[in-house]
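**Q** Right, I'll just put the structure down here and ask away after.
The values are calculated or read from the model by the stated rules, or taken from the named source; none is laboratory data. Being a predicted model, the structure only gives us computed values, none of them experimental. All Cβ positions, glycine included, derive from the backbone under ideal geometry; neighbour counts span all protein chains shown. Heavy atoms of the whole protein, side chains included, go into the accessibility calculation; ligands, DNA and RNA do not. Shrake-Rupley method; radii C 1.70, N 1.55, O 1.52, S 1.80 Å.
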Amino acid sequence: MAELNSTPNANRLHIGIFGRTNSGKSTLINIMTGQDVSIVSDVPGTTTDPVYKAMEINPLGPCVIIDTAGVEDYSVLGQRRMEKTQLAMEKADVAVIVFPSNHTGGYAREYELVDYFRKKNIRMLMVINSFGESEPRLEKLKTDLKLQSKGARLEIVVLDCGKPSDKEQDNIRMALARLMPEDYDADFITGDLVKEQDVVLLVMPQDIQAPKRRLILPQVQTIRELLDRKCTVVCTTTDKMEYSLANLRKVPELIITDSQAFKFVYEHKPTESRLTSFSVLFAAYKGDLAYYIEGAKAIDRLTEKSRVLIAECCTHAPLTEDIGRVKIPRQLRKRFGEAMEIDMVSGTDFPEDLSGYDLIIQCGGCMFNRQYVLSRIQRAKDQEVPMTNYGVTIAYLTGILDKIAYHK
């Protein structure tokens, strides 16, 4: 069971380990972490579906290590495994690609990985598993890797995964540290919207959607950040918002609301207070807010014959007044017609082919790391399908998108 104060997986550096079967991927993970995290066996295909393991790695901090299946399995089952590996590739902030030096058939599959990550501007650690090969052969392989990955941000490390020296183990960790994006996790959820000593009012409806006796992750993370930034944080429910405002000695500089209460909060907030929502904040924190705002303009082009995809990151059981499954579809159909086709996907179920949709509406993405959310956005861009998110959609439908605050 996860500790209450542990870093959410979505906020951890995701390190994906990729390569062919029995190249030494699982052994490498145990070397990197100093623990027996992955099962190591001479039996090919021991790792089937990707294994996600959250842990602390010195000097990187909180990470998620992703151990993936071998990339050269062309069977029907192998294709299914590769679909899972592809998902891991989309989530990786840093990619570790293992090259077994004793392999004689060339490295076409590994170079496909290199090309994918190079095009995505993902930093790579290339690990040559030496298997006792001669120094000239290892040096030639290093030269080939540099030529193949020209233009990419990378590190190359040679080690014997079977019997790594202490120095080789240190080399792996330090190479990963050098590859860690300099601005990783440096962004604030609230960006430039607040400063020290600001009063911030959080409006959080505790209705059927709210987990009993708990707050949802975006609320918890926002509260913690505001406290760290030395703001005064006041929390209230929608029905007590006016009472809370009346009892404050100072008008809040910023009000952050659940998107479903946008209309009420906008109509009852002080004129001086700026307004945004948790979903809009996460649109910038996890995704591409400017792209979402541009995508919202596509709402005006929708008709009763349009097809909309709503993508929810969570996999919770549907609720009576669920915002993604019920409220947004209701608003769209009320405006454009009951015959509008609206598809719903959840978790990591996100179609490869988006061409049949006129609009994609993505949730805030709090359960995913930013790299994966950006990979979804890129897929929509590549297929020229407009995309927006829950909070931006509701603000647009309410007519207040140009009146809310959002950070750069």
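**Q** Of Arg301, Arg20, Arg118, which has the most accessible area and how do the rest follow, probe 1.4 Å? Display every interim value, and only then the final one.
**A** Values: Arg301 165, Arg20 30, Arg118 80 Å².
The most accessible residue leads, giving Arg301, Arg118, Arg20.
**Q** Distance from the Cα centre of the range 256-303 to that of the range 83-136, in angstrom?
**A** Measuring centre to centre over Cα atoms gives 40 Å.
**Q** Kirkwood-based Rg over Rh for the range 144-188 (C-alpha set), two decimals?
**A** On the way: Rg = 13.7 Å, Rh = 12.6 Å.
Over the Cα atoms of the range 144-188, Rg/Rh equals 1.09.
**Q** If you don't mind, another one. Give me the percent of accessible area attributable to carbon and sulfur for the chain, probe 1.4 angstrom.
**A** Values: 9790 of 19830 Å².
Of the solvent-accessible surface of the chain, carbon and sulfur hold 49 percent.
**Q** Given a cut-off of under 8 Å on Cα pairs at least six residues apart, what relative contact order in percent is computed for the chain? Before the final figure, lay out each step's value.
**A** On the way: 702 pairs, mean separation 57.8, N = 408.
Rounded, it is 14 percent for the chain.
**Q** Would you mind checking which residues have amide H under 5 Å from Phe99's amide H? H placed 1.01 Å from N; only 5 or more apart, or other chain.
**A** Here the answer is Val127, Ile128, Asn129, since their amide H atoms fall under 5 Å of that of Phe99.
**Q** Still on this structure, please answer the following. Nearest 5 is fine: what % of DSSP beta bridges in the chain come out antiparallel, could you say?
**A** Working: 7 of 55 bridges.
Just about 15 percent of them are antiparallel.
**Q** Would you rank Met180, Met367, Met32 by solvent-accessible area, highest first, keeping every protein chain in place and using a 1.4 Å probe? All intermediate terms of the calculation are to be shown ahead of the outcome.
**A** Values: Met180 50, Met367 100, Met32 0 Å².
Result, largest first: Met367, Met180, Met32.
**Q** Now, a different point. Where does each of Glu242, Glu90, Glu139, Glu196 land when they are ordered by accessible area, with a 1.4 Å probe and the largest first? Provide the component values of the computation, followed by the final result.
**A** On the way: Glu242 100, Glu90 15, Glu139 80, Glu196 120 Å².
The ordering from most to least exposed comes out as Glu196, Glu242, Glu139, Glu90.
**Q** When the helix-only estimate is applied to the chain (DSSP H runs of n ≥ 4, each -39,500 (n - 2.57), divided by the residue count), what is the mean residue ellipticity at 222 nm, nearest 500 deg cm²/dmol?
**A** Details: 13 runs with 138 residues, N = 408.
Calculated from helices alone, the mean residue ellipticity at 222 nm is -10000 deg cm²/dmol.
**Q** Can I ask one more? Give, as a single signed number, the net charge of other residues whose beta carbon lies under 14 Å from the beta carbon of Ser244, with Lys and Arg counted +1 and Asp and Glu -1. Mind dumping the intermediate values first?
**A** Values: positive: Lys240, Arg249, Lys250, Lys269; negative: Asp239, Glu242.
Around Ser244, the surrounding residues sum to +2.
**Q** Report the full-extension gain for the segment Tyr184 to Gln86: residue separation times 0.36 nm, less the Cα-Cα distance, to one decimal in nm. Numbers along the way, then the final one.
**A** Working: separation 98, 0.36 × 98 = 35.28 nm, distance 2.24 nm.
Residue separation times 0.36 nm, minus the Cα-Cα distance, leaves 33.0 nm.
**Q** Asp358: accessible area at probe 1.4 Å, nearest 10 Å²?
**A** Accessible area of Asp358: about 70 Å².
**Q** Further question: At 1.4 Å probe size, with every protein chain present, just tell me what the per residue accessible area of the range 67-214 comes to in Å².
**A** Details: 7740 Å² over 148 residues.
Each residue of the range 67-214 exposes 52 Å² on average to a 1.4 Å probe.
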